[in-house]
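Participant: Attaching a single structure in structure tokens format; questions to follow.
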Amino acid sequence: MSRVCAICGKGKTSGNNVSHSNRKTKRTFEANVQKISVEINGKSTEQYLCTKCIKTAKKSK
């Protein structure tokens with residue numbers, strides 16, 4: 001199972017490591033996703049959500 005946010009779709013992105021001599025090598029940035037219990041249509045399921053979506057969901061309660 002991929003670690004992608006179920007609401008916004010945020011997932012792994014790529015970029016470069018840059019050394020002091022300015023050499024560049026590929027690297028990946030992982031999204032900060034947490035597996036939490038979410039209630040959808042009265043059913044409780046476990047979903048991966050990014051922390052920004054978790055924070056927004058807590059505000060709307």
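Participant: Defining a contact as two alpha carbons under 8 Å apart and six or more residues distant in sequence, what relative contact order in percent does region 13-59 show?
Facilitator: Numbers: 52 pairs, mean separation 12.0, N = 47.
Computed over region 13-59, the figure is 25 percent.
Participant: Can I ask one more? Which of the residue pairs K26/K59; K24/K55; K10/K43; K26/K58; K24/K52 have a Cα-Cα distance greater than 28 Å in the structure shown? Show your work: numbers first, answer last.
Facilitator: Details: K26/K59 37 Å; K24/K55 34 Å; K10/K43 24 Å; K26/K58 36 Å; K24/K52 30 Å.
Listed pairs above 28 Å: K26/K59; K24/K55; K26/K58; K24/K52.
Participant: Dipole of region 13-59 (Lys/Arg Cβ +1, Asp/Glu Cβ -1, origin at the Cα centre): which of S21, T45, Q34 lies farthest to the positive side?
Facilitator: So the residue furthest toward the plus end is S21.
Participant: At 0.36 nm per residue, and after removing the present C-alpha to C-alpha distance, how many nm does the segment from T13 to Q47 gain when stretched out fully?
Facilitator: Values: separation 34, 0.36 × 34 = 12.24 nm, distance 2.00 nm.
Computed gain between T13 and Q47 is 10.2 nm.
Participant: Pop out the ³J(HN,Hα) list for region 17-22 in order, Karplus 6.51 cos²θ - 1.76 cosθ + 1.60 with θ = phi - 60°, rounded to Hz; leave Gly and Pro as x.
Facilitator: Going residue by residue, I get 7, 10, 7, 4, 8, 6 Hz, with x marking Gly and Pro.
Participant: Right, next: Regarding the chain, what are the three Cα extents along the principal axes, ordered largest first, in Å?
Facilitator: 55, 26, 13 Å, listed from the longest principal axis down.
All of the numbers you see were taken from the coordinates with simple rules; none came from a lab. Just so it is clear, the structure is predicted and the values come from calculations on it, not from any experiment. Cβ sites come from the backbone with ideal geometry, for glycine too, and all protein chains shown count toward neighbours.
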